1. For ALA269 and LEU344, FRET efficiency with R0 = 35 Å and r from the beta-carbon atoms, rounded to 0.05?
2. Of the listed values (i) 22.7; (ii) 26.0; (iii) 28.9, grab the one calculated as mean projected area of the Cα convex hull in nm² from the structure here.
3. So which of LYS48/LYS117; LYS48/LYS102; LYS48/LYS71; LYS117/LYS312 end up more than 24 Å apart by C-alpha?
4. Within segment 24-127, report the GluC sites (Glu not before Pro) that DSSP leaves as loop and that have at most 16 other Cβ atoms within 10 Å.
5. Obtain the nm distance between the two label points defined at ASP121 and ALA17 by a simple spin-label model: each point lies 7 Å from its Cα along the Cα-to-C-beta direction.
6. Over 29 Å between Cα atoms, which of LYS61/LYS300; LYS276/LYS336; LYS315/LYS340; LYS61/LYS107 qualify?
7. Between ALA232 and VAL111, what length comes free when the chain is fully extended (0.36 nm per residue of separation minus the Cα-Cα distance, one decimal in nm)?
8. Any idea how far the Cα center of segment 457-473 sits from the one of segment 371-436, in Å?
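None of the figures in this text is laboratory data; all of them are computed from the coordinates on show. Everything numeric here is computed off the predicted structure, so don't read it as measured data. Positions of Cβ are backbone-derived with ideal geometry, glycine not excepted, and every protein chain shown enters the neighbour counts.
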Amino acid sequence: MKRKANGKVKRATGELAGLTAIIVAMVLGAVLGLLYGRSMWLAGGGLKEEIARLEMTVAQKTERAKALEEKDPAEAARLRGHVPEIESRLAEVRQLQEQRSKEGVSKLALVAWEFTKFCGDLFLQSLRLMVVPLVVTSMICGIASLGDVRHIGRVGFLTVAYFLATTLVAVVIGIVLVTAIRPGVGADDTFAFVTKNVQSQEETTAIGTLLNVVRGAPDDPNSGMIPSNILAAGAEMNVLALIFFSLVFGGALTTLGDRGKVVIDFFDAANAAIMKMVHLVMWFAPMGIFGLVAFNIAKKGGGEAFAGEVTKLGKYVATVILGLVLQGVFLLVVLKLLGKRRPLEFVMHSAEALLTGLTTGSSSATLPLTIECTEEKNGVSGRIAGFVLPLGATVNMNGTALYEAVAAVFIAQSLGMTLTFGALLVIVLTATLAAIGAAGIPEAGLVTMVIVLTAVGLPITGIGLILAIDWFLDRLRTVNNIFGDMVGAAVVERYEAAPAR
């Protein structure tokens, strides 16, 4: 008994030390990025990138105005009116670049740029390295441990019901807040620019997106739930395809008797070995998180640029953050009432995964740590966590759904458009469905947001309004996505164990 107590104390002490190291690393990274980020940005070629972006913005505004000349002359004139201001800013940046070319760049700033980028990339790639084998082994082991096909159906039904319900609540929270606060009134879209990956989705519909989730994009046979080559799909980090294949494969193994048990034992051992590798990666986590935070702030121009972005879109940022906080509170209530867990204790044991999600902006990349925290620290059974969490990292996007709903109404407000109740209902539906089709990667919500805007007749150019601050909000909504998955695993475990009526 005493030995067990000592073991618990050691684990708790180690967990606290690791969490403290991660928090300190985040703070130090933020300080470096905010205070020295501009110098790093300049040394790393930030001016060259800024010039390229401004030139593309001028071209995009001119092209858009030309396309609207007959259809909407007033909008065309408004867009042309933006060009002189953008060109004025472009001239200032070019002048600054010439000045910097004469003076040279700081070698210290260049070293800081390269070092933080290296640390962040190494940590992120180490996590991504674990994703494919972890998804395959955890899903196969999870399905195999459930055994009875009727049992699998019960778990699947509970999981999908939870995902849909929490996502719908997130969208409603977003709609209510953005309608009440009205952050889009008076917004300035002079420097708004829409990236190519967003433009490429302009003709996509909600139904088309859902079909592509199953079949894949017509020009990419290795995308979607059922790819033509599972190995190629794995190489492209198509997690949804890996999940579907592993579910079917694991289910098939359970029908083979002793022959299947040999294979299941192999995957069970492989899963345990991969989790050991995740532990090794976590030794490097503080340095990697330091690099990610510092570099992400620096590549956006440092503290001055970040402050400028937040100032211009302050009400919008506040609306999104408030919505995510309220959704987080809702999830805590669900955890307490339905999961019968202690919310504060659950959050503390989930902190490493949540903080890592905050720095990476990717629920898929954070999946190894999400599974570790859920199983080993929060005590959720491996068979449930191995099923719910990989699936949730792919299709359960509470934060993304809320964000897309807020952004769509914000864009409408900035354009002076009043959305009807019917249009708001369409946003609720499409934001929920689009979030399911969003990949668990950084800024995937921007691409699926096109679906929401198209559904209510809003121009996708409005996305350019929020592009400058999206990198920051993307990390906040990722935390919400990950926590929603972890709560879901706890809730499903409790109700799956309850006798069916």
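1. The computed FRET efficiency comes out at 0.50.
2. Computed from the coordinates, mean projected area of the Cα convex hull in nm² corresponds to (ii).
3. Among LYS48/LYS117; LYS48/LYS102; LYS48/LYS71; LYS117/LYS312, the Cα-Cα distance tops 24 Å for LYS48/LYS71; LYS117/LYS312.
4. Counting only loop positions with at most 16 other Cβ atoms within 10 Å, the GluC sites (Glu not before Pro) in segment 24-127 are GLU69, GLU70.
5. Roughly 3.2 nm, to one decimal.
6. Check vs 29 Å cut-off fails for LYS276/LYS336; LYS315/LYS340; LYS61/LYS107.
7. Contour length minus Cα-Cα distance gives 39.9 nm.
8. Taking the Cα centre of each part, segment 457-473 and segment 371-436 sit 17 Å apart.
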